[in-house]
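So the structure is just underneath, and the comments pick up after that.
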Amino acid sequence: MNDPGGRAREGVVTREIVAKSVLSPSRVYDYVVNPYRGCQFACAYCYARFMRRFTGHREAWGAFVDVKVNAAQLLRGELARKRRGEVWVSGVCDPYQPLEETYGVTRACLEALLGQGWPVRVQTKSDLVLRDLDLLRGGADVEVGLSLSTADETIRRIFEPRAPATAVRIEALGRLRAGGVGTYAMIAPLLPGAEGLVPLLAGKVDYIYVDRMNYHYARPLYGRHGLEGFLNDAYFRELKALLTRQAREAAIPCRVLF
Ligand code: SF4
């Protein structure tokens, strides 16, 4: 960590750091680029909070963000040296969390990636991605996915209180697609109310991924809100069948990952 003190900005301790590498191997796509370390959205289920064990941050998940201020410069060098492949932006942070409005590190990384013609898969929960529509629509091989977990705003506020509302994300998908950008919805993790999502996506996405994911960190919230019944295998089996049927009826290609 280059700046152990950091500055409180937008309610989080923000540190500008100089990263050593930014184009990392990934098990999801060939590579992943994380312009930030930490995520202001602080979703209750987020598995990325495990990284605090390795980074030495003392703040809670969501209360710190390291900004990789040299990410784009570093990336340009790595793109010149490494074998071309699909790049995921991002894996363990949201590339369009609010600080991106100030720092623009994600935009600068996209300029580097798309400028070199690399295939890019952007994944976010934020409509801030619309700021970069000009850039994204010019990419030869770029897709933008919005992560969705429930159509029920009460549930969304319990598990993702700092992330944009589901309707805002779906509206962003529609505007991206209308603007000429390939889009997908990543429906994961499946939260109560996920059964209402697919009908909202018709005409807004090219395809859908559905995944169950890991509920370890969210279990206490399920208990506190009397939602334990939404964690049993029977619920997920029924939901999988329902979402698959809804996608077929809406003529949206759908891949279930569990
Ligand atoms: S937006 Fe993604 S990375 Fe950020 S806290 Fe939520 S799940 Fe984690």
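Please find, among Val120, Val144, Val198, Val105, the residue that is under 26 Å from Trp61 (Cα atoms), hydrophobic (A, V, I, L, M, F, W, C) and out of contact with any Ser or Thr (no Cβ under 8 Å at 6 or more places or on another chain).
Numbers: Val120 fails: under 26 Å from Trp61 (Cα atoms); Val144 fails: out of contact with any Ser or Thr (no Cβ under 8 Å at 6 or more places or on another chain); Val198 fails: under 26 Å from Trp61 (Cα atoms).
Sole residue among the options that is under 26 Å from Trp61 (Cα atoms), hydrophobic (A, V, I, L, M, F, W, C) and out of contact with any Ser or Thr (no Cβ under 8 Å at 6 or more places or on another chain): Val105.
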Considering each of Glu238, Glu171, Glu195 in turn, give the residue that is closer than 18 Å to Ser126 by Cβ and acidic (Asp, Glu). Glu171
Show the residue pairs meeting these rules: Cβ distance below 6 Å; 6+ apart or different chains; first residue within region 66-89 and touching a residue at least 40 places away in the same chain (Cβ under 8 Å); second residue of a type in the set (Lys, Arg). Asp66/Arg15; Asp66/Arg37; Trp88/Arg121
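Does Glu101 qualify as being part of a strand (DSSP E or B) and of a type in the set (D, E, K, R)?
Numbers: part of a strand (DSSP E or B): no; of a type in the set (D, E, K, R): yes.
Against the criterion (part of a strand (DSSP E or B) and of a type in the set (D, E, K, R)), Glu101 does not qualify.
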Those residues of region 126-152 which are within 16 Å of the ligand (Cβ to nearest atom) and either under 23 Å from Leu23 (Cβ atoms) or modelled with pLDDT under 95 (or both), in sequence order: Ser126, Leu128, Val129, Val144, Gly145, Ser147
Can you find a residue in region 50-61 that is in a loop (DSSP other than H, G, I, E, B), more than 20 Å from the chain's Cα centre (by Cα) and acidic (Asp, Glu)? yes
Given the criterion away from the ligand (no atom under 15 Å from the Cβ), under 30 Å from Arg157 (Cα atoms) and either of a type in the set (Gly, Ala, Ser) or surrounded by fewer than 14 Cβ atoms within 10 Å (Cβ to Cβ) (or both), identify the matching residue among Gly115, Gly104. Gly104
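Could you tell me which residue of region 47-74 is nearest to the ligand (Cβ to nearest atom), considering only residues that are of a type in the set (S, T, N, Q) and at pLDDT 95 or above? Explain how you work it out, then say what you get.
The first filter runs over region 47-74 and keeps only residues of a type in the set (S, T, N, Q), leaving 55, 70, 73.
Cutting the leftovers down to at pLDDT 95 or above gives us 70, 73.
Numbers: Asn70: 21, Gln73: 24 Å.
Residue satisfying both the conditions and the ranking: Asn70.
The values are calculated or read from the model by the stated rules, or taken from the named source; none is laboratory data. Fair warning: this is a prediction, and the values are worked out from it, not measured in the lab. Don't worry about glycine lacking a Cβ; one is built from the backbone with ideal geometry, like all the others, and counts go over all protein chains shown.
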